[in-house]
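Working notes, beginning with the structure itself.
The values are calculated or read from the model by the stated rules, or taken from the named source; none is laboratory data. It should be emphasised that the depicted structure is a prediction, and the values quoted were computed from it without experimental measurement. As a convention, Cβ positions derive from the backbone with ideal geometry for all residues, glycine included, and neighbour counts pool all protein chains shown. Accessible surface is based on the protein model in full, side chains and every heavy atom, while ligands, DNA and RNA are left aside. Shrake-Rupley method; radii C 1.70, N 1.55, O 1.52, S 1.80 Å.
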Amino acid sequence: MRSLIQSLRRHKLPKSDPAPSRLKYRIQRWMLTPGIRLGLRVGLPICCLGAALAIFLASEERRDVIVTSFNELRTEFENRPEFLVEVMAIDGAGAELSDDIREVMSIDFPVSSFDLELPMLRDLIEGLDPVKSAKVRIRPGGILQVDVVERTPAVVWRTRDGLALLDETGAFVAELGSRDLHPLLPLIVGTGADAHVPEALQLLAASRPLDGRVRGLVRIGERRWDVVLDRDQRILLPTLEPVTAFERVIAVSEVQELLERDVAIVDMRLSQRPTVRMTENAVENWWQIKELNAGNR
């Protein structure tokens, strides 16, 4: 036994190298990279979860069950009592317009607030001719609130098709069956008159000194206005600056009583050379006076 120990001492085994191998060293260095560590800690679980989810959703039957369950939950949530709209309130509109609004919206109550597209409903209401603007909102208590601003008729427009009401901008308001329904509104006539309602209102405002003698305005050739007065008098206005020309006529009439005389037409189309046309009776009387004066000589 002693000889064996002595023999082993004489032939010592080589000690093992504690340093890692080159491959193991590279693997350890690779594992210390921040990106690799993050990928193993976060990316690998996500990939595994995604793969498991993909395998689970590969079945069409499972997908249908999930979609059906989601839709049922969503429907149940949207139809809860606190989200239901029971009635509609309309403010700012007359009875006839309110009926038109209810008809064009065509909503069957109760309805979930999630099923109401408020911008689309507002556009439908503003598409009605008598509506100038509208606001649609859902009030607490399940009330669909509609606030309407109606167009105010400013003039009556007569065309070959009949009578129509226009607001101050020339926008169409409604058909008018009879002039007697709005006798106090001013009358404009002619093709294209609706596109120049603001100018017509300026002329009507300037006619106040005439004390209601204006019977209407006629659009001529879609270019200019004629002011029609009582006693079949007519003032022909120019294309440019018609209000200024009309005010000149009124000023002359106030000083010299021009429109109180037997004048048929006052032509202001040429601003530098206005002309006046007398009535037939005035012309005949003038000739008679001229003949008498000639005979007295």
Item to check | Charge dipole (the chain, unit charges on Cβ, about Cα centre) - positive-most of Cys47, Trp30, Ala164 | outcome: Trp30
Item to check | For the range 218-235, 3J(HN,Hα) per residue [Karplus equation, 6.51 cos²θ - 1.76 cosθ + 1.60, θ = phi - 60°, Hz, x = Gly/Pro] | outcome: 10, 8, 9, x, 6, 10, 8, 10, 10, 9, 9, 9, 5, 6, 6, 8, 9, 10
Item to check | Choice from Val67, Val266, Val227 showing the highest fluctuation, given a GNM over the chain with Cα pairs closer than 10 Å | outcome: Val67
Next on the checklist: Can you compute the charge dipole magnitude of the range 74-144 about its Cα centre, using +1 on each Lys and Arg Cβ and -1 on each Asp and Glu Cβ, nothing else charged? Give it in debye, rounded to the nearest 20.
Outcome noted: 340 debye
Checklist entry - Hey, in the GNM for the chain with a 10 angstrom Cα cutoff, which one of Arg219, Arg41, Arg231 fluctuates hardest? => result Arg41
Next on the checklist: As a test of the formula, what do you get for the chain when each DSSP H run with n ≥ 4 contributes -39,500 (n - 2.57) and the sum is divided by the residue count, at 222 nm and rounded to the nearest 500 deg cm²/dmol?
Outcome noted: -12500 deg cm²/dmol
Item to check | Neighbourhood net charge (12 Å Cβ-Cβ; Lys/Arg +1, Asp/Glu -1) for Leu128 | outcome: -4
Item to check | Cβ-defined net charge surrounding Phe56, 14 Å radius [Lys, Arg +1; Asp, Glu -1] | outcome: -1
Checklist outcome for this item: Of all DSSP beta bridges with both partners in the chain, the antiparallel percent, nearest 5, is 70 percent
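Tally up the carbon and sulfur contribution to the accessible surface of the chain as a whole percent, 1.4 Å probe, everything protein left in place.
C and S atoms contribute 55 percent here.
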Next on the checklist: For a quick size check, give me the Cα extents of the range 170-237 along its three principal axes, largest first, whole Å.
Outcome noted: 30, 27, 20
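Dipole size in debye (nearest 20) for the range 139-216 around its Cα centre, Lys and Arg Cβ +1, Asp and Glu Cβ -1? It would help to have the intermediate numbers written out before the result.
Numbers: 8 positive and 10 negative charges, 42 e Å.
So the magnitude is around 200 debye.
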Item to check | Answer label for log10 I(q)/I(0) by the Debye sum over Cα atoms at q = 0.07, 0.10, 0.16 Å⁻¹ (calculated), chosen among (1) -0.46, -0.80, -1.34; (2) -0.41, -0.74, -1.27; (3) -0.61, -0.83, -1.22 | outcome: (3)
Checklist entry - Taking the Cα centre of the range 160-285 as the origin and placing charges on Cβ (Lys, Arg +1; Asp, Glu -1), which of Leu217, Leu203, Pro274 is farthest toward the positive end of the dipole? => result Pro274
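Roughly how big is the chain's charge dipole about its Cα centre, with Cβ charges of +1 (Lys, Arg) and -1 (Asp, Glu), in debye to the nearest 20? It would help to have the intermediate numbers written out before the result.
Details: 40 positive and 44 negative charges, 923 e Å.
That gives the chain a dipole magnitude of about 4440 debye.
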Checklist entry - With each pseudo-label sitting 7 Å past Cα toward Cβ, what's the Arg208-Val65 distance in nm, one decimal? => result 8.2 nm
Item to check | Inter-part distance where the range 72-108 and the range 28-45 are each reduced to a Cα centre, Å | outcome: 57 Å
Next on the checklist: Can you give the local net charge around Leu118? Use residues other than it whose beta-carbon is closer than 14 angstrom to its beta-carbon, Lys and Arg +1, Asp and Glu -1.
Outcome noted: -1
Item to check | Heavy-atom accessible area per residue - the chain, 1.4 Å, Å² | outcome: 71 Å²
